[in-house]
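Only the coordinates and a few stated rules stand behind these numbers; no lab work does. In this text, all values refer to a predicted model and were calculated from it rather than measured experimentally. Cβ sites come from the backbone with ideal geometry, for glycine too, and all protein chains shown count toward neighbours.
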Amino acid sequence: MNPIVKAFFDEATNTVSYVLKDPSSTACAVVDSVLDFDHAAGRTDTASADAIIAYVRDEGLTCEWVLESHVHADHLSAAPYLQEHLGGKIGIGANITVVQDTFGKVFNEGTEFQRDGSQFDALFQEGDSFEIGALRGRVLHTPGHTPACLTYVIGNAAFVGDTLFMPDFGTARCDFPGGSSEMLYQSIQKILALPDETRIFVGHDYKAPGRDDYAWETTVGEQKALNVHIGQGRPLEEFTQMRDARDATLGMPRLILPSLQVNMRAGRMPEPDEKGDVFLKLPVNKL
């Protein structure tokens, strides 16, 4: 049983969200949704999420899962909004607790902010499985970009989040708190151990130099042969030296501060004040 996959590309954040459907039923899941956010105005919008909702409803689908590959640092998650309109359980890696503890301190969150992952409906660990209709999904813990990164393997499809990009663009950065180029290398080996024909769906695309169109689907075989960072059996030491040197040149993602505050809460905003107003924090010299 292999999923039918529909991609939704958000050019503002270069994020790819997916709806994957069980071909034998109406069951579906959403992976890595986007809540639109105007950083300059501090204003949210649901156009990207509404496109997913419209598709699910038009196709007569039943949403069973709203899955997160990790706590995104470059876009806000629309998971609660999708759950409100479509149902389904919100799932993420069990190491969300590590991320919550780290960034709870960065954002000076009080004791009312729970750091036990209870904002999510399911916390997945290596080897866990779940069902989408007749489809059976399994979980690979693939840290390195962040401690809580997962790859969801469903039939002949693997949803890798930010761990791998298209072969001509390479691999994820590892310089966020809790990241590690050595862990990323080991995580990628898990993905590359899947059958060569396994379809890989990436979480972002930035159009590598020389490529005119956005792309988000590749295969394990193509990654092994062609990935510019990890392909052709590149050894661990060579990869980590390259990755660490490259990361040292990168700036922070434009939406990292609002994204982390919201996404560590499963896509929910901080609690409003007594007037009902919501505020995000801007920590100075913390990242």
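The eigenvalues of the Cα gyration tensor, multiplied by 5 and square-rooted, give segment 212-287 an equivalent ellipsoid with semi-axes of 38, 18, 11 Å from largest to smallest. Exposed loop positions in the chain were taken to be chymotrypsin sites (Phe, Trp or Tyr not before Pro) whose DSSP state is not H, G, I, E or B and which have at most 13 other beta-carbon atoms within 10 angstrom. Between these positions, the longest stretch is 1-205. Classification of segment 82-144 by its C-alpha gyration tensor yields an oblate form. The axis ratio a/c (a ≥ b ≥ c) is 1.5 or more, and b/c is at least a/b.
Normalising the average separation of contacting C-alpha pairs (under 8 angstrom, six or more residues apart) by the number of residues puts the relative contact order of the chain at 18 percent. Please label the shape of segment 117-171 as rounded, prolate or oblate, based on the square roots a ≥ b ≥ c of the eigenvalues of the alpha-carbon gyration tensor (a/c under 1.5 means rounded; beyond that, a/b larger than b/c means prolate, else oblate). Since a/c reaches 1.5 but b/c is at least a/b, the shape of segment 117-171 is classed as oblate.
Starting from the Cα gyration tensor of segment 1-72, take the square roots of the eigenvalues, sort them a ≥ b ≥ c, and report rounded, prolate or oblate (rounded when a/c is under 1.5, otherwise prolate if a/b is larger than b/c, else oblate). In terms of gyration-tensor shape, prolate.
For segment 204-282 versus segment 43-116, the inter-centroid distance based on Cα atoms is 16 Å.
Calculated [222 nm] ellipticity per residue, helices only, for the chain: -7000 deg cm²/dmol; basis is -39500 (n - 2.57) per DSSP H run with n ≥ 4, divided by all residues, nearest 500. Hydrodynamic analysis of the chain uses the Kirkwood radius over alpha carbon pairs. Inserted into Stokes-Einstein at 25 °C and 0.890 mPa s, it gives a translational diffusion coefficient of 128 µm²/s. If both residues of a DSSP beta bridge must be in the chain, then about 70% of such bridges are antiparallel. Would you kindly give the portion of the calculated P(r) for segment 131-267 that falls above 26 Å, as a percent of all Cα pairs? More than 26 Å apart: 22 percent of the Cα pairs in segment 131-267. Mean separation of Cα pairs under 8 Å and 6 or more residues apart, divided by the residue count, gives segment 1-73 a relative contact order of 27 percent.
Pairs of Lys residues in the chain that lie 8 or more places apart, or on two chains, and have C-alpha atoms under 24 angstrom apart add up to 8.
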